[in-house]
Amino acid sequence: MKPGNVLMVCLGNICRSPLAHGIFEHLLNDESVRVDSAGTANYHSGASPDIRSIATAKAHQIDISQQKARQFTRNDFEAFDYIYVMDKDNLRNVLAMAKTEGERNKVRLLLETEEVEDPYYGGPEGFDIVYKKIYTACKKILAQWNP
Ligand code: 4NP
């Protein structure tokens with residue numbers, strides 16, 4: 001897999017994808033690659049990440065506090081090479097916006113065979129599970145970029 005611009009996508013863009021954005025950017029440490037995140041819904045557009053995501057990232061020395069939520073748009077199919085979605089609902093919603101095979105091929109589940117479940121309505125431990133799942137997936141992608 002070649003390096004390319006990465007977009008992380010969840011529903012609200014305040015819990016999971018901001019963490020994925022921060023973790024991937026931190027591990028990659030290469031400003032020539034664009035890393036961003038977006039939500040399929042616009043409920044939280046313009047909002048900072050959830051305080052529980054900010055705290056979880058901070059516990060691992062990653063600062064995501066300056067991120068702002070935005071909604072996924074069709075322009076993202078052009079701007080990004082890899083569009084990683086957190087769960088099957090996001091997958092369905094993003095694929096429904098794709099118009100070409102090339103666009104569809106950019107979209108995949110971050111964990112390939114598993115979902116990163118929505119931690120919004122649960123307790124803080126849910127955010128640790130999300131962090132670990134995302135971290136493992138990001139490491140795996142980077143290992144494929146730099147074999
Ligand atoms: P996210 O979590 O998709 O990981 O950002 C959610 C955030 C907000 C809501 C749902 C999920 N919400 O229903 O407002």
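The values are calculated or read from the model by the stated rules, or taken from the named source; none is laboratory data. Please read all numbers here as calculations on a predicted model, not as lab measurements. Here Cβ is always computed from backbone atoms with ideal geometry, including for glycine, and neighbour counts include all displayed protein chains. Remember, those area values only see protein heavy atoms, side chains included, never the ligands or the DNA or RNA. Shrake-Rupley method; radii C 1.70, N 1.55, O 1.52, S 1.80 Å.
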Could you work out the local net charge near Glu103, counting Lys and Arg as +1, Asp and Glu as -1, over the other residues with Cβ closer than 13 Å to its Cβ? +1
Find, to one decimal place in angstroms, the Kirkwood hydrodynamic radius of the stretch 6-145, where the mean of 1/r is taken over every pair of different Cα atoms and then inverted. 14.7 Å
Starting from the Cα-Cα distance between Val33 and Ile129, subtract it from 0.36 nm times their residue separation and give me the gain in nm to one decimal. 31.9 nm
Can you compute the charge dipole magnitude of the stretch 6-145 about its Cα centre, using +1 on each Lys and Arg Cβ and -1 on each Asp and Glu Cβ, nothing else charged? Give it in debye, rounded to the nearest 20. 100 debye
On the accessible surface of the chain, probed at 1.4 Å, how many percent belong to carbon and sulfur atoms? 50 percent
Positive end of the dipole of the chain, charges at C-beta (+1 Lys, Arg; -1 Asp, Glu), about the Cα centre: which of Val130, Ile83, Gly102 has its Cα farthest in that direction? Gly102
Convert each backbone phi in the stretch 113-128 into a coupling constant with the Karplus relation 6.51 cos²θ - 1.76 cosθ + 1.60 (shift: θ = phi - 60°), then list the ³J(HN,Hα) values in order as whole Hz, x for Gly and Pro. 10, 9, 9, 9, 6, 5, x, 4, 8, x, x, x, 5, x, 6, 5
Trypsin sites (Lys or Arg not before Pro), restricted to the stretch 20-95: which are DSSP loop and have at most 14 other Cβ atoms within 10 Å? Arg34, Lys68, Arg74
For Val35, list long-range residues whose amide hydrogen, built 1.01 Å from N in the peptide plane, is under 5 Å from its own amide hydrogen. Val6
How far is the Cα center of the stretch 130-146 from the Cα center of the stretch 104-125, in Å? 13 Å
Can you work out ³J(HN,Hα) from phi for every residue in the stretch 22-34, in order, using Karplus 6.51 cos²θ - 1.76 cosθ + 1.60 and θ = phi - 60°, giving whole Hz and x for Gly and Pro? x, 5, 5, 4, 5, 6, 6, 6, 9, 6, 7, 9, 7
Could you list the chymotrypsin sites (Phe, Trp or Tyr not before Pro) in the stretch 60-125 that lie in coil according to DSSP, counting only those with at most 13 other Cβ atoms within 10 Å of their Cβ? Tyr121
Search the structure for amide H atoms under 5 Å from the amide H of Asp50, placed 1.01 Å from N in the peptide plane, and list their residues when 5 or more places away or on another chain. Cys15
Got a sec to turn the phi values of the stretch 56-70 into Karplus ³J(HN,Hα) couplings, 6.51 cos²θ - 1.76 cosθ + 1.60 with θ = phi - 60°, whole Hz, x for Gly and Pro? 5, 5, 4, 4, 10, 6, 10, 9, 10, 5, 8, 5, 10, 5, 8
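Counting only helical runs of four or more DSSP H residues, what would the 222 nm mean residue ellipticity of the chain come to if each run contributes -39,500 (n - 2.57) and the total is spread over all its residues? It would help to have the intermediate numbers written out before the result.
Values: 6 runs with 62 residues, N = 147.
When only DSSP H runs of four or more count, the value is -12500 deg cm²/dmol.
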Amide H partners (placed H, <5 Å) of Gln71, local residues excluded: Gly39
